[in-house]
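A.B. asks: The following block contains the structure, expressed as C-alpha coordinates.
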Amino acid sequence: MVAPIEPFAERCRRAAAAAASLGADRVVASDHGTVRWLTGRESEIGWGPMYPISAGTHVMLDPDGRGRIFCAEGEEAAGPAIEGLEVVTYPGYTVTPLRAYPALKKLLDGGGRVAIEPHALPIALAPSADPIDATHALAILRLRKDPAEIACIERAARVASVGQRTFRACAEPGITEIVLFSTLHAAMEKEAGTRVPVLPDLISGPRMALVGEPPTDRRLEAGDLALADLVVRVDGYWADSCTTICLGKPTDAMRRLHDACVRALEIGIAMTRPGTVAGDLDKRVRGAMGEAGYEYPHHTGHGVGVSFHEEPRIVPDASVVLEEGMVVALEPAGVGHGIGCRTEHLMVVTSGGGRLLTDYPFGLES
(Lines give C-alpha, C1' and ligand atoms only; values in the text may rest on other atoms or scores of the structure.)
Protein backbone atom coordinates (compact mmCIF):
# COMPACT_ATOMS: atom_id res chain seq x y z
CA MET A 1 0.00 0.00 0.00
CA VAL A 2 1.40 3.39 -1.03
CA ALA A 3 1.51 5.92 1.83
CA PRO A 4 -0.35 9.21 1.26
CA ILE A 5 1.79 12.11 0.06
CA GLU A 6 2.31 14.77 2.70
CA PRO A 7 0.71 18.09 1.59
CA PHE A 8 3.59 20.36 2.57
CA ALA A 9 2.65 23.30 0.34
CA GLU A 10 -0.91 23.30 1.68
CA ARG A 11 0.37 23.18 5.26
CA CYS A 12 2.60 26.18 4.52
CA ARG A 13 -0.37 28.12 3.17
CA ARG A 14 -2.38 27.34 6.28
CA ALA A 15 0.48 28.40 8.56
CA ALA A 16 0.95 31.66 6.67
CA ALA A 17 -2.77 32.41 6.87
CA ALA A 18 -2.78 31.73 10.61
CA ALA A 19 0.09 34.17 11.11
CA ALA A 20 -1.58 36.79 8.92
CA SER A 21 -4.72 36.55 11.05
CA LEU A 22 -2.56 37.68 13.98
CA GLY A 23 -1.42 40.76 12.08
CA ALA A 24 1.95 39.41 10.99
CA ASP A 25 3.61 40.20 7.67
CA ARG A 26 5.48 36.90 7.72
CA VAL A 27 6.09 33.97 10.03
CA VAL A 28 9.25 32.16 11.09
CA ALA A 29 8.68 28.58 12.24
CA SER A 30 11.47 27.18 14.41
CA ASP A 31 9.96 24.47 16.60
CA HIS A 32 11.31 21.08 15.50
CA GLY A 33 7.79 19.68 15.22
CA THR A 34 6.49 22.61 13.21
CA VAL A 35 9.47 22.46 10.85
CA ARG A 36 8.88 18.73 10.32
CA TRP A 37 5.17 19.30 9.68
CA LEU A 38 5.83 22.07 7.16
CA THR A 39 8.84 20.62 5.32
CA GLY A 40 9.44 16.95 6.16
CA ARG A 41 12.84 17.86 7.62
CA GLU A 42 13.58 15.84 10.75
CA SER A 43 15.74 17.30 13.52
CA GLU A 44 18.77 15.38 14.78
CA ILE A 45 17.63 14.64 18.31
CA GLY A 46 21.03 13.47 19.55
CA TRP A 47 22.61 16.88 19.09
CA GLY A 48 20.47 18.58 21.69
CA PRO A 49 19.10 22.11 21.46
CA MET A 50 22.44 23.97 21.52
CA TYR A 51 24.46 22.19 18.83
CA PRO A 52 27.25 24.73 18.14
CA ILE A 53 27.87 23.95 14.47
CA SER A 54 24.32 24.63 13.29
CA ALA A 55 21.73 27.26 14.19
CA GLY A 56 18.98 24.82 13.27
CA THR A 57 16.44 24.67 10.47
CA HIS A 58 13.86 27.47 10.24
CA VAL A 59 11.05 28.19 7.79
CA MET A 60 10.10 31.76 6.81
CA LEU A 61 6.72 32.12 5.09
CA ASP A 62 5.18 35.10 3.34
CA PRO A 63 1.39 35.64 3.46
CA ASP A 64 0.85 33.52 0.33
CA GLY A 65 2.57 30.51 1.92
CA ARG A 66 5.68 30.77 -0.22
CA GLY A 67 9.05 31.39 1.40
CA ARG A 68 12.39 29.96 2.35
CA ILE A 69 13.86 27.09 4.33
CA PHE A 70 17.05 28.14 6.14
CA CYS A 71 19.50 25.37 6.98
CA ALA A 72 23.23 24.86 7.42
CA GLU A 73 25.43 24.25 4.39
CA GLY A 74 25.44 20.57 3.51
CA GLU A 75 21.83 20.05 4.61
CA GLU A 76 20.20 21.21 1.39
CA ALA A 77 18.94 17.73 0.54
CA ALA A 78 17.74 16.86 4.06
CA GLY A 79 14.10 17.08 2.99
CA PRO A 80 11.88 16.92 -0.09
CA ALA A 81 11.63 19.70 -2.65
CA ILE A 82 8.49 21.74 -1.94
CA GLU A 83 6.73 24.01 -4.38
CA GLY A 84 7.10 27.62 -3.33
CA LEU A 85 9.91 27.05 -0.81
CA GLU A 86 13.48 27.99 -1.65
CA VAL A 87 16.31 26.37 0.33
CA VAL A 88 18.79 28.98 1.59
CA THR A 89 21.95 27.95 3.45
CA TYR A 90 24.16 29.61 6.03
CA PRO A 91 27.71 28.57 7.05
CA GLY A 92 27.68 25.54 9.30
CA TYR A 93 30.79 23.53 10.09
CA THR A 94 34.05 25.28 9.29
CA VAL A 95 37.68 25.14 10.41
CA THR A 96 37.50 28.91 10.82
CA PRO A 97 35.56 30.54 13.70
CA LEU A 98 31.96 29.29 13.82
CA ARG A 99 29.47 31.89 12.68
CA ALA A 100 26.20 30.04 12.12
CA TYR A 101 24.11 32.29 14.37
CA PRO A 102 25.21 35.72 13.10
CA ALA A 103 25.02 34.48 9.50
CA LEU A 104 21.48 33.17 9.94
CA LYS A 105 20.45 36.31 11.83
CA LYS A 106 21.26 38.41 8.74
CA LEU A 107 19.18 36.11 6.56
CA LEU A 108 16.18 36.28 8.88
CA ASP A 109 16.20 40.07 9.26
CA GLY A 110 13.66 41.91 7.15
CA GLY A 111 10.86 44.43 7.26
CA GLY A 112 7.43 44.20 8.80
CA ARG A 113 6.11 42.38 11.85
CA VAL A 114 7.18 38.79 12.25
CA ALA A 115 5.28 35.98 13.94
CA ILE A 116 7.57 33.49 15.71
CA GLU A 117 7.55 30.54 18.08
CA PRO A 118 9.37 32.18 21.03
CA HIS A 119 10.08 28.91 22.85
CA ALA A 120 12.03 27.62 19.85
CA LEU A 121 13.75 30.67 18.34
CA PRO A 122 17.03 31.50 20.12
CA ILE A 123 17.32 35.10 21.28
CA ALA A 124 20.40 35.42 19.06
CA LEU A 125 18.05 35.03 16.07
CA ALA A 126 15.09 37.02 17.36
CA PRO A 127 13.76 39.82 15.13
CA SER A 128 14.59 43.40 16.02
CA ALA A 129 10.96 44.60 15.90
CA ASP A 130 8.38 43.38 18.42
CA PRO A 131 7.48 39.84 17.32
CA ILE A 132 4.06 38.20 17.50
CA ASP A 133 3.72 34.91 19.36
CA ALA A 134 2.33 32.38 16.87
CA THR A 135 2.90 29.29 19.02
CA HIS A 136 -0.77 28.52 19.69
CA ALA A 137 -1.94 29.52 16.21
CA LEU A 138 0.50 27.09 14.59
CA ALA A 139 -0.04 24.29 17.10
CA ILE A 140 -3.81 24.16 16.61
CA LEU A 141 -3.28 23.57 12.90
CA ARG A 142 -1.84 20.19 13.83
CA LEU A 143 -4.66 19.08 16.14
CA ARG A 144 -6.46 17.08 13.48
CA LYS A 145 -4.12 14.82 11.54
CA ASP A 146 -4.37 14.48 7.78
CA PRO A 147 -4.19 10.98 6.24
CA ALA A 148 -0.46 11.28 5.57
CA GLU A 149 0.21 12.15 9.22
CA ILE A 150 -1.87 9.23 10.46
CA ALA A 151 0.11 6.92 8.17
CA CYS A 152 3.37 8.26 9.64
CA ILE A 153 2.13 7.78 13.19
CA GLU A 154 0.92 4.28 12.37
CA ARG A 155 4.41 3.40 11.21
CA ALA A 156 5.90 4.68 14.46
CA ALA A 157 3.21 2.78 16.38
CA ARG A 158 4.18 -0.47 14.65
CA VAL A 159 7.77 0.08 15.72
CA ALA A 160 6.73 0.82 19.31
CA SER A 161 4.58 -2.32 19.30
CA VAL A 162 7.59 -4.42 18.30
CA GLY A 163 9.39 -2.92 21.29
CA GLN A 164 6.56 -3.90 23.62
CA ARG A 165 6.41 -7.47 22.35
CA THR A 166 10.19 -7.75 22.68
CA PHE A 167 9.97 -6.42 26.24
CA ARG A 168 7.48 -9.14 27.10
CA ALA A 169 9.52 -11.87 25.39
CA CYS A 170 12.92 -10.91 26.84
CA ALA A 171 12.15 -9.76 30.40
CA GLU A 172 13.45 -12.45 32.74
CA PRO A 173 15.04 -12.73 36.18
CA GLY A 174 18.69 -11.70 36.14
CA ILE A 175 18.60 -9.30 33.19
CA THR A 176 19.26 -5.67 33.99
CA GLU A 177 16.83 -2.93 33.02
CA ILE A 178 19.40 -1.29 30.76
CA VAL A 179 20.31 -4.53 28.94
CA LEU A 180 16.60 -5.27 28.48
CA PHE A 181 16.09 -1.78 27.05
CA SER A 182 19.07 -2.20 24.71
CA THR A 183 17.53 -5.45 23.43
CA LEU A 184 14.13 -3.96 22.68
CA HIS A 185 15.68 -0.79 21.24
CA ALA A 186 17.66 -2.92 18.78
CA ALA A 187 14.47 -4.77 17.81
CA MET A 188 12.70 -1.48 17.13
CA GLU A 189 15.54 -0.15 14.99
CA LYS A 190 15.59 -3.40 13.01
CA GLU A 191 11.85 -3.02 12.38
CA ALA A 192 12.21 0.64 11.38
CA GLY A 193 15.33 0.11 9.28
CA THR A 194 16.83 3.28 10.70
CA ARG A 195 17.91 4.91 13.94
CA VAL A 196 15.02 5.32 16.35
CA PRO A 197 15.09 7.95 19.10
CA VAL A 198 13.31 6.61 22.21
CA LEU A 199 12.18 8.23 25.45
CA PRO A 200 11.86 5.23 27.78
CA ASP A 201 10.42 4.54 31.18
CA LEU A 202 11.70 1.08 32.09
CA ILE A 203 11.27 0.25 35.74
CA SER A 204 10.89 -2.86 37.86
CA GLY A 205 10.44 -4.19 41.39
CA PRO A 206 10.62 -1.48 44.07
CA ARG A 207 10.94 1.24 41.39
CA MET A 208 7.39 0.63 40.13
CA ALA A 209 5.97 3.57 42.10
CA LEU A 210 8.15 5.98 40.09
CA VAL A 211 7.09 7.93 36.99
CA GLY A 212 9.33 9.04 34.15
CA GLU A 213 12.39 6.98 35.08
CA PRO A 214 14.90 5.60 32.57
CA PRO A 215 16.37 2.08 32.83
CA THR A 216 19.16 1.41 35.33
CA ASP A 217 21.52 -1.44 36.12
CA ARG A 218 18.98 -3.00 38.51
CA ARG A 219 18.53 -6.72 37.87
CA LEU A 220 14.99 -8.00 37.49
CA GLU A 221 13.95 -10.63 40.03
CA ALA A 222 11.38 -13.42 40.03
CA GLY A 223 7.99 -12.08 41.11
CA ASP A 224 8.80 -8.50 40.05
CA LEU A 225 6.44 -6.25 38.22
CA ALA A 226 8.15 -4.52 35.31
CA LEU A 227 6.96 -1.67 33.11
CA ALA A 228 8.07 -0.36 29.72
CA ASP A 229 6.72 2.98 28.49
CA LEU A 230 8.24 3.52 25.05
CA VAL A 231 7.90 6.86 23.28
CA VAL A 232 9.30 6.30 19.79
CA ARG A 233 10.07 8.62 16.86
CA VAL A 234 10.21 7.37 13.28
CA ASP A 235 10.64 9.80 10.37
CA GLY A 236 9.81 12.75 12.60
CA TYR A 237 6.53 11.36 14.00
CA TRP A 238 6.06 9.90 17.46
CA ALA A 239 4.15 7.00 19.00
CA ASP A 240 3.55 6.22 22.67
CA SER A 241 2.99 2.85 24.34
CA CYS A 242 3.12 1.14 27.73
CA THR A 243 2.65 -2.30 29.26
CA THR A 244 3.17 -3.81 32.70
CA ILE A 245 4.09 -7.47 33.20
CA CYS A 246 4.94 -9.80 36.08
CA LEU A 247 7.97 -12.08 36.07
CA GLY A 248 6.26 -15.13 37.47
CA LYS A 249 2.92 -15.60 39.20
CA PRO A 250 1.35 -12.26 40.17
CA THR A 251 -0.14 -11.70 43.60
CA ASP A 252 -3.86 -10.97 44.03
CA ALA A 253 -3.01 -7.31 44.67
CA MET A 254 -1.08 -7.14 41.41
CA ARG A 255 -3.96 -8.70 39.49
CA ARG A 256 -6.51 -6.30 40.97
CA LEU A 257 -4.39 -3.29 40.08
CA HIS A 258 -3.66 -4.50 36.56
CA ASP A 259 -7.31 -5.38 35.92
CA ALA A 260 -8.36 -1.91 37.08
CA CYS A 261 -5.89 -0.25 34.67
CA VAL A 262 -7.07 -2.34 31.72
CA ARG A 263 -10.74 -1.63 32.51
CA ALA A 264 -10.08 2.11 32.82
CA LEU A 265 -8.24 2.09 29.50
CA GLU A 266 -11.14 0.28 27.82
CA ILE A 267 -13.54 2.92 29.15
CA GLY A 268 -11.29 5.64 27.78
CA ILE A 269 -10.97 4.03 24.35
CA ALA A 270 -14.76 3.85 24.04
CA MET A 271 -15.05 7.57 24.93
CA THR A 272 -12.38 8.70 22.46
CA ARG A 273 -14.84 9.92 19.86
CA PRO A 274 -15.84 13.29 18.39
CA GLY A 275 -17.62 15.57 20.84
CA THR A 276 -16.00 14.23 23.99
CA VAL A 277 -14.50 16.98 26.14
CA ALA A 278 -10.92 16.18 27.13
CA GLY A 279 -11.56 17.03 30.80
CA ASP A 280 -14.61 14.72 30.87
CA LEU A 281 -12.51 11.90 29.43
CA ASP A 282 -9.91 12.45 32.15
CA LYS A 283 -12.60 12.52 34.84
CA ARG A 284 -14.16 9.26 33.68
CA VAL A 285 -10.90 7.31 33.33
CA ARG A 286 -9.38 8.76 36.52
CA GLY A 287 -12.69 8.12 38.28
CA ALA A 288 -12.68 4.47 37.23
CA MET A 289 -9.30 4.03 38.86
CA GLY A 290 -10.55 5.87 41.95
CA GLU A 291 -13.58 3.61 42.20
CA ALA A 292 -11.21 0.65 42.23
CA GLY A 293 -9.19 2.26 45.02
CA TYR A 294 -6.26 3.62 43.02
CA GLU A 295 -4.95 6.97 41.82
CA TYR A 296 -2.14 8.34 39.67
CA PRO A 297 -0.28 11.67 39.69
CA HIS A 298 0.02 12.31 35.97
CA HIS A 299 -2.15 13.09 32.96
CA THR A 300 -4.64 10.51 31.68
CA GLY A 301 -3.48 11.10 28.14
CA HIS A 302 -2.22 13.50 25.50
CA GLY A 303 -2.03 14.16 21.80
CA VAL A 304 0.79 12.69 19.72
CA GLY A 305 2.19 13.74 16.35
CA VAL A 306 5.35 15.62 15.41
CA SER A 307 5.59 16.23 19.17
CA PHE A 308 5.37 13.37 21.65
CA HIS A 309 3.16 15.37 24.02
CA GLU A 310 0.77 17.90 22.52
CA GLU A 311 -2.88 18.93 22.51
CA PRO A 312 -5.37 17.58 23.22
CA ARG A 313 -4.11 17.01 26.76
CA ILE A 314 -6.39 14.67 28.71
CA VAL A 315 -6.14 16.35 32.10
CA PRO A 316 -8.59 17.67 34.72
CA ASP A 317 -10.80 20.52 33.46
CA ALA A 318 -9.31 20.51 29.94
CA SER A 319 -11.78 22.19 27.58
CA VAL A 320 -10.59 20.88 24.20
CA VAL A 321 -13.34 18.95 22.39
CA LEU A 322 -12.14 15.83 20.58
CA GLU A 323 -12.52 15.81 16.80
CA GLU A 324 -12.23 13.04 14.26
CA GLY A 325 -8.62 12.65 13.14
CA MET A 326 -7.00 13.66 16.40
CA VAL A 327 -4.44 11.15 17.70
CA VAL A 328 -4.43 10.49 21.44
CA ALA A 329 -2.52 8.25 23.85
CA LEU A 330 -4.37 7.15 27.00
CA GLU A 331 -2.38 5.79 29.95
CA PRO A 332 -4.30 5.12 33.19
CA ALA A 333 -2.16 3.94 36.08
CA GLY A 334 -2.23 3.08 39.74
CA VAL A 335 0.40 3.11 42.49
CA GLY A 336 0.43 2.17 46.13
CA HIS A 337 1.40 -0.50 48.66
CA GLY A 338 4.77 -0.96 47.00
CA ILE A 339 3.43 -1.79 43.54
CA GLY A 340 2.50 0.15 40.43
CA CYS A 341 1.00 -0.44 37.02
CA ARG A 342 0.37 1.53 33.83
CA THR A 343 -1.33 0.49 30.59
CA GLU A 344 -1.41 2.55 27.41
CA HIS A 345 -2.61 2.52 23.84
CA LEU A 346 -2.28 5.05 21.04
CA MET A 347 -5.43 5.71 19.00
CA VAL A 348 -7.02 7.94 16.41
CA VAL A 349 -10.37 9.54 17.24
CA THR A 350 -13.26 8.07 15.22
CA SER A 351 -17.06 8.16 15.51
CA GLY A 352 -16.99 4.64 16.96
CA GLY A 353 -14.37 5.39 19.62
CA GLY A 354 -10.60 5.16 19.52
CA ARG A 355 -9.13 3.14 16.64
CA LEU A 356 -6.01 1.57 18.05
CA LEU A 357 -2.70 2.25 16.32
CA THR A 358 -0.56 0.26 18.76
CA ASP A 359 -0.86 -3.54 18.87
CA TYR A 360 0.50 -5.73 21.67
CA PRO A 361 -0.89 -8.04 24.38
CA PHE A 362 -1.83 -6.73 27.82
CA GLY A 363 -1.67 -9.95 29.83
CA LEU A 364 0.00 -9.50 33.19
CA GLU A 365 1.97 -12.75 33.07
CA SER A 366 4.98 -12.59 30.75
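A.B. asks: What are the residue pairs meeting all of these: first residue in the stretch 337-366, first residue closer than 22 Å to PHE308 by Cβ, second residue modelled with pLDDT under 95 and assigned to a loop (DSSP other than H, G, I, E, B), Cβ atoms under 7 Å, and 6 or more apart or on different chains?
C.D. replies: Final answer for the pair search is THR343/PHE362.
A.B. asks: Would it be correct to say that PRO215 is in a loop (DSSP other than H, G, I, E, B), open to solvent by less than 40 Å² (accessible area, probe 1.4 Å) and in contact with a strand residue (DSSP E or B) (Cβ under 7 Å, 6 or more places away or on another chain)?
C.D. replies: yes
A.B. asks: Separate question: Take ASP252 and decide whether it is among the acidic types (Asp, Glu) and either crowded, with 19+ Cβ neighbours inside 10 Å or more than 24 Å from the chain's Cα centre (by Cα) (or both).
C.D. replies: So ASP252 fits the description; yes.
A.B. asks: Let me ask something else. Name the residues in the stretch 277-314 that are among the small types (Gly, Ala, Ser) and within 22 Å of the chain's Cα centre (by Cα), would you?
C.D. replies: ALA278, GLY279, GLY301, GLY303, GLY305, SER307
A.B. asks: I would also like to ask the following. Is it the case that the stretch 266-284 has a residue that's of a type in the set (Ser, Thr, Tyr), surrounded by fewer than 21 Cβ atoms within 10 Å (Cβ to Cβ) and at pLDDT 95 or above?
C.D. replies: Within the stretch 266-284, none of the residues are of a type in the set (Ser, Thr, Tyr), surrounded by fewer than 21 Cβ atoms within 10 Å (Cβ to Cβ) and at pLDDT 95 or above.
A.B. asks: Among the residues of the stretch 309-338, count how many are modelled with pLDDT of 95 or more and either open to solvent by 30 Å² or more (accessible area, probe 1.4 Å) or hydrophobic (A, V, I, L, M, F, W, C) (or both).
C.D. replies: Residues in the stretch 309-338 being modelled with pLDDT of 95 or more and either open to solvent by 30 Å² or more (accessible area, probe 1.4 Å) or hydrophobic (A, V, I, L, M, F, W, C) (or both): 20 in total.
A.B. asks: Answer with yes or no whether ARG155 is open to solvent by 30 Å² or more (accessible area, probe 1.4 Å) and modelled with pLDDT of 95 or more.
C.D. replies: In short, yes.
A.B. asks: Take the stretch 115-137 and flag every residue that is more than 14 Å from GLY23 (Cβ to Cβ), at pLDDT 95 or above and assigned to a helix (DSSP H, G or I).
C.D. replies: Residues satisfying the conditions are THR135, HIS136.
A.B. asks: A follow-up question, please. Where in the stretch 1-111 are there helices (runs of 4 or more DSSP H), lying wholly inside it, with at least 1 residues that are basic (Lys, Arg) and loosely packed, with under 13 Cβ neighbours inside 10 Å?
C.D. replies: 100-108
A.B. asks: Out of GLY305, GLY293, I need the residue that is in a loop (DSSP other than H, G, I, E, B) and within 22 Å of ARG263 (Cβ to Cβ). Which one?
C.D. replies: GLY293
A.B. asks: Now for a different question. Tell me yes or no: at least one residue of the stretch 168-182 is open to solvent by less than 10 Å² (accessible area, probe 1.4 Å), modelled with pLDDT of 95 or more and either under 30 Å from ALA29 (Cβ atoms) or of a type in the set (Val, Ile, Thr) (or both).
C.D. replies: no
A.B. asks: Something else about it: For the subset of the stretch 308-320 comprising residues that are among the β-branched types (Val, Ile, Thr) and in a loop (DSSP other than H, G, I, E, B), which member is nearest to LEU265 (Cα to Cα)?
C.D. replies: Looking at residues that are among the β-branched types (Val, Ile, Thr) and in a loop (DSSP other than H, G, I, E, B), I get VAL315.
A.B. asks: ARG355 - would you say it is open to solvent by 50 Å² or more (accessible area, probe 1.4 Å), part of a strand (DSSP E or B), modelled with pLDDT of 95 or more and not polar (S, T, N, Q)?
C.D. replies: Yes, satisfied.
The values are calculated or read from the model by the stated rules, or taken from the named source; none is laboratory data. What you are looking at is a predicted structure, and each value in this text was computed from that prediction instead of being measured. With ideal geometry, Cβ positions are generated from the backbone for all residues, glycine too; neighbour counts draw on all protein chains shown. The accessibility values were calculated without ligands, DNA or RNA, using every heavy atom of the protein model including side chains. Shrake-Rupley method; radii C 1.70, N 1.55, O 1.52, S 1.80 Å.
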